[in-house]
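A short reminder: the numbers here are calculations on the coordinates, not readings from a lab. Worth saying up front: this structure is predicted, and the values here are computed from it rather than measured. All Cβ positions, glycine included, derive from the backbone under ideal geometry; neighbour counts span all protein chains shown.
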Amino acid sequence: AQARRLGLGKLAVPTQGNAGDSLTRYALAGGLSVVVAMPDDTPMPIQGNVAAAAHRHPGRVQLELAGPTIRESGALLKERYIPQGYFSVATFQEPGWRIDGKKSLGLELAEPSPGNTRWSLPDAVIYPTGG
């Protein structure tokens, strides 16, 4: 949503996990293009999901297998795709929207429901620790 609001049409992410699968799904839902770079030993279900999306949406989704680690995947994006106008949403490289989103999530969990005035927190929150 933030990418669309800012007029970004092409996104890129290096990943070793679910970020590429998630970004692919969000990009397709939002009418954006995406390139996902991941090491070739990324778990097959994640590779398969992105590869299937690339097969179904050629030109909008691209999968690149690069190197044994996420470092090589990120380097490939910087070398090949960022100069073509792709915007990197790599962890710690985007301008902080992810951090703001996490703050918003916390506020939304505590915010009073309609008709209520008391802020409260659940006993536990299960949240991923990755980017």
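Listing for the model above:
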item: Label corresponding to Cα Rg over 2.2 N^0.38 Å when calculated from the structure given, among [x] 1.05; [y] 1.88; [z] 1.21; result: [z]
item: Sites Met44 and Leu8, calculated FRET efficiency, Cβ-Cβ separation with R0 25 Å, nearest 0.05; result: 0.25
item: Sorted by Cβ neighbour density within 10 Å, fewest at the top, the residues Asp123, Asp21, Asp100; result: Asp123, Asp100, Asp21
item: Exposure rule at most 13 other beta-carbon atoms within 10 Å, DSSP loop chymotrypsin sites (Phe, Trp or Tyr not before Pro): the chain longest free segment; result: 1-91
item: Within the chain: Cβ-based charge dipole about Cα centre, in debye rounded to nearest 20 (Lys, Arg +1; Asp, Glu -1); result: 420 debye
item: Exposure proxy ranking, count of Cβ atoms within 10 Å, fewest first, for Met44, Met38; result: Met44, Met38
item: Cross-link reach list, aspartates and glutamates versus Lys102, counting only Cα pairs under 16 Å and skipping chain neighbours closer than eight places; result: Glu94, Glu111
item: Sum of -39500 (n - 2.57) over DSSP H runs of 4+, divided by residues of the chain (222 nm, nearest 500); result: -11000 deg cm²/dmol
